[in-house]
Amino acid sequence: MGSWKGIIEHYRSRLEMDDDSPVVSLGEGNTPMIFSERLSERTGLEVYLKFEGMNPTGSFKDRGMTVAITKAVARGAKAVVCASTGNTSASAAAYSAKAGILCVVLIPAGNVASGKLAQALVHGAKVVEVRGNFDQAFEITLKLEGPYPIVVVNSTNPHRLLGQKTGAFEVCDGLGRAPDYHIIPVGNAGNITSYWRGYREYHADGVTQNLPQMFGFQAAGAAPIVLGHPVDQPKTIATAIRIGHPASWDNALAAAKDSGGEIRAVTDKKILEAYRLIASEGIFAELASSAPVAGLLQLAADGRVAKGKTAVCICTGHGLKDPSWAISGAPKPVQVDAQMDVVAQALGF
Ligand code: AN7
């Protein structure tokens, strides 16, 4: 019992930690796994949404970042760098602030949700807007590490993937088994790689007796893995997964293949519909996080998943990071004078 102290303390024995390094944590992990009546009814499955938007900086990135920053500080690092479509930079900025080290972020100019940019700025990161896309910013980031005293905290840093596999542990701990279907958005493909590792680790250790089929979803305009070739100019409204050259491409393919799953694509239109659908059930997840929900509906429509089975969709980030989509798609609130009878009349009472 006692209060939750973050994923390193909770899963320490599975995270290759030195016992004497000070832990840099903001209390990440232990996110809710919410049963969805509507999605279950629509698909005939038992559907859960693991809401990773409930992490301290509002995305799953915090699971990997607590480990990456803890390990970087233990090695004496004074600065870290990442390229980001927004969430990695928000998380890196917050954990660096907690550790008291410098954080540098390279973001694609004009293509990062305002809430994510606000997070990097408020936590004091040095923000560089690159005139180009994520893939170009990422390439530069990797080149900075050699000549300069700076540690890359993108998911090519193995400590990130180590931390992110705790998501799979939590899903299994919550269900008492692994789900039948694991459904997740794919951008740079680190998260699907980590989840598959986590599921296999629990299975190998006998904690669980089954393994899920892994389904990764890319946005149709940014679907290199589905197409089988890199996409130089990825396009999607889900800017978090606007990535055309994923770093963990092979690992994502292996996760899908080895588990009997698939990497598929969903259109922006379906992503937006899924975004509104889960919002109507009380869950405000960002567009990229709605891709697995659109994906689940696609799998069910195609008869690719069997009724009665359990599916977990990973809703990777919080909708508040980019409220513009919520506002633009909703009716404008009525404005009235500050009088009770006028308010009542506006309500149709
Ligand atoms: C909400 O922040 O790549 O397949 O730089 O923010 O592990 O890359 C974000 C990715 C899914 C894709 N959902 O995960 C970044 C970044 C959300 C995300 C993904 C991201 P990966």
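Overall form of the chain: rounded. Here a/c, set by the Cα gyration tensor axes a ≥ b ≥ c, is under 1.5. Taking square-rooted eigenvalues a ≥ b ≥ c of the alpha carbon gyration tensor, is the stretch 222-278 rounded, prolate or oblate, where a/c under 1.5 means rounded and, failing that, a/b exceeding b/c means prolate? In terms of gyration-tensor shape, oblate. Among the helices of the chain, those built from whole DSSP H runs whose Cα atoms reach 20 Å or more along their own axis and whose mean Kyte-Doolittle hydropathy is at least 1.0 are 287-301. Taking amide H as placed 1.01 Å from N in the peptide plane, VAL104 has its amide H under 5 Å from the amide H of VAL80, VAL81, CYS82, LYS126, each at least 5 places away in sequence or on another chain. Answer rounded, prolate or oblate for the stretch 1-140, using the Cα gyration tensor with square roots of eigenvalues a ≥ b ≥ c: rounded when a/c is under 1.5, else prolate when a/b is larger than b/c, else oblate. It is oblate, given that a/c is not under 1.5 and a/b is not larger than b/c. Summing charges over neighbours of ASP302, with a neighbour being any other residue whose Cβ is under 11 Å away from its Cβ, gives +1 when K and R count +1 and D and E count -1. Using a cutoff of 8 angstrom between alpha carbon atoms and counting only pairs six or more residues apart, the relative contact order for the chain works out to 18 percent.
Among the trypsin sites (Lys or Arg not before Pro) within the stretch 241-349, those in coil by DSSP and having at most 12 neighbouring Cβ atoms inside 10 Å are LYS307. Bridgeable aspartates and glutamates around LYS321 (alpha carbons under 12 Å apart, same-chain partners fewer than 8 residues away excluded): GLU286. Relative contact order, whole percent, for the stretch 260-308 stands at 35, derived from Cα pairs under 8 Å and 6 or more residues apart.
Values quoted throughout were computed directly from the atomic coordinates according to the rules given, and no laboratory measurement underlies them. Quick caveat, the model's predicted, so the values are computed rather than measured. FYI the Cβ positions are ideal-geometry reconstructions off the backbone, even for glycines, and counts take in every protein chain you see.
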